[in-house]
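Enquirer: Got a structure for you, questions after.
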Amino acid sequence: MKRLLSLFLFSLIFMGCKNDNSLVFEPSNFGNEPCANCASVSISIPKAIGNKKLDETINTALREEIIFILKYDDAVDAGSIDMAIKSFQNEFAKLKEKFPEESTQWEASINGEVSFENERMLTIRLDYYLFTGGAHGYGSTRFLNFDKTKATELNNEELFKDILDFEGYAEAKFREQEGISSTASINSTGFMFEEDMFYLPENMGFTNEGLQLFYEQYEVASYADGPIILTFPFEEIQKFLTLQTF
C-alpha cells in the first residue's frame, strides 16, 4: 500500500514538472559606456532564468534576433550579443577611419518586454532604433511568439488555423481602418502593396489588447507615413487562432 502511494505521489510530482509552463524573467542589459569615437549601443531585454527547454528556446530566439538587427561586419562571427555589438561598433570604426570628417555618431537601442502571456502562449516585443547616418534613423518592432506547452517559437502561419482565411478578414478590417472601399484597389489611397494585393505583415504578435499586425515603415507605405498598425481584440479573432488566448 505504501509503495502504491509512493508511486502515485511520484507520478503527481512528475506530471506537475512536465506541465510546468511558468516562467521567471530577469532584466538583461548589454551595451557600452558613452564615448566620442565609438558607436553607442544600449540593449535591455528579459532573460528567462529557469533550466527548462522553454527558457532556452526563448533566450536563443532573443539572442538570434538581436544579432540579426546589429550585425554589420561580416568578418565578425557574431555568435553572441556581445559579438554582435562588436560587429556594429567595428563597422562604425571603419567608416570613421575612411571618412573622419563626414561620419556621424552611430546609435543602436533595443528594448524588449513580455507583451502577452497565458498558460499556452508567450509573446515578447522588441522595439529598436538604429541610426547609422543619413537624414534620419530607423525604428521598428519585432514580435517573438512562443508555444509554451511545446517549448517552440511560432512562425506566423502557426498562429492561425488557416492563415489565408484570417488574411481575408484582416484585409476587410484594414480597408475599414484606412478608408479604402471594398471594391477599390488596395493601393488606391497611396499604399504600396506589391502587385496591388493585400498581404499580412512580417511582424505580428500578441498584446493584452489582442493580436497586433505591425507594418514597418517602407513595408507598404512611405517613411513619412510611419508604421501601419492594426489591433484585433481576442474575442473577435479567437476563431482564427490555433491556440486559446483567453
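Enquirer: Condition first: under 16 Å from L159 (Cα atoms) and not polar (S, T, N, Q). Now tell me which residues in the range 199-218 satisfy that.
Expert: Y199, L200, P201, E202, M204, G205, F206, G210, L211, L213, F214
Enquirer: Right, something else. From L164, L154, grab the single residue that is surrounded by 14 or more Cβ atoms within 10 Å (Cβ to Cβ) and aliphatic (A, V, I, L, M).
Expert: L154
Enquirer: Report, by residue number, each residue of the range 191-216 that is under 19 Å from F160 (Cβ atoms) and open to solvent by 50 Å² or more (accessible area, probe 1.4 Å).
Expert: Residues satisfying the conditions are M197, Y199, E202, E209.
Enquirer: Does the range 82-99 hold any residues that are open to solvent by less than 10 Å² (accessible area, probe 1.4 Å), over 13 Å from L130 (Cα atoms) and not hydroxyl-bearing (S, T, Y), and which are they?
Expert: A84
Enquirer: Now for a separate question. Whether any residue in the range 126-140 is modelled with pLDDT of 95 or more, surrounded by 20 or more Cβ atoms within 10 Å (Cβ to Cβ) and either over 20 Å from the mean Cα position of the chain (by Cα) or basic (K, R) (or both) is what I want to check.
Expert: Within the range 126-140, not a single residue is modelled with pLDDT of 95 or more, surrounded by 20 or more Cβ atoms within 10 Å (Cβ to Cβ) and either over 20 Å from the mean Cα position of the chain (by Cα) or basic (K, R) (or both).
Enquirer: Condition check: at pLDDT below 90 and either β-branched (V, I, T) or open to solvent by 50 Å² or more (accessible area, probe 1.4 Å) (or both). Does E102 satisfy that?
Expert: In short, yes.
Enquirer: If you go through the range 33-79, how many residues are outside any strand (DSSP E or B), of a type outside the set (A, V, I, L, M, F, W, C) and surrounded by 14 or more Cβ atoms within 10 Å (Cβ to Cβ)?
Expert: Looking only at that region, the number is 11.
Enquirer: Is there a residue in the range 176-190 that is at negative phi, open to solvent by 10 Å² or more (accessible area, probe 1.4 Å), in contact (Cβ under 8 Å) with a residue 24 or more places away in the chain and within 23 Å of the chain's Cα centre (by Cα)?
Expert: no
Enquirer: If you take the residues in the range 38-52 that are among the small types (G, A, S) and more than 11 Å from E107 (Cα to Cα), which one is farthest from the chain's Cα centre (by Cα)?
Expert: Only one residue tops the list, namely G50.
Enquirer: Looking at (1) within 19 Å of the chain's Cα centre (by Cα); (2) at pLDDT 85 or above; (3) among the charged types (D, E, K, R), which is the one condition that is false for K94?
Expert: Of (1) within 19 Å of the chain's Cα centre (by Cα); (2) at pLDDT 85 or above; (3) among the charged types (D, E, K, R), only one is false for K94: (1).
Enquirer: Please list, ordered by first then second residue, the pairs with beta carbon atoms under 6 Å, 6 or more apart or interchain, first in the range 55-70 and touching a residue at least 40 places away in the same chain (Cβ under 8 Å), second surrounded by fewer than 16 Cβ atoms within 10 Å (Cβ to Cβ).
Expert: Listed by first residue and then by second, the contacts come to T57/A151.
The values are calculated or read from the model by the stated rules, or taken from the named source; none is laboratory data. Here the structure is a predicted model, which means the values were calculated and not measured. Cβ coordinates were reconstructed from backbone atoms using ideal geometry, including for glycine residues, and neighbour counts include every protein chain displayed. Side chains included, ligands, DNA and RNA excluded: accessible areas come from the protein's heavy atoms. Shrake-Rupley method; radii C 1.70, N 1.55, O 1.52, S 1.80 Å.
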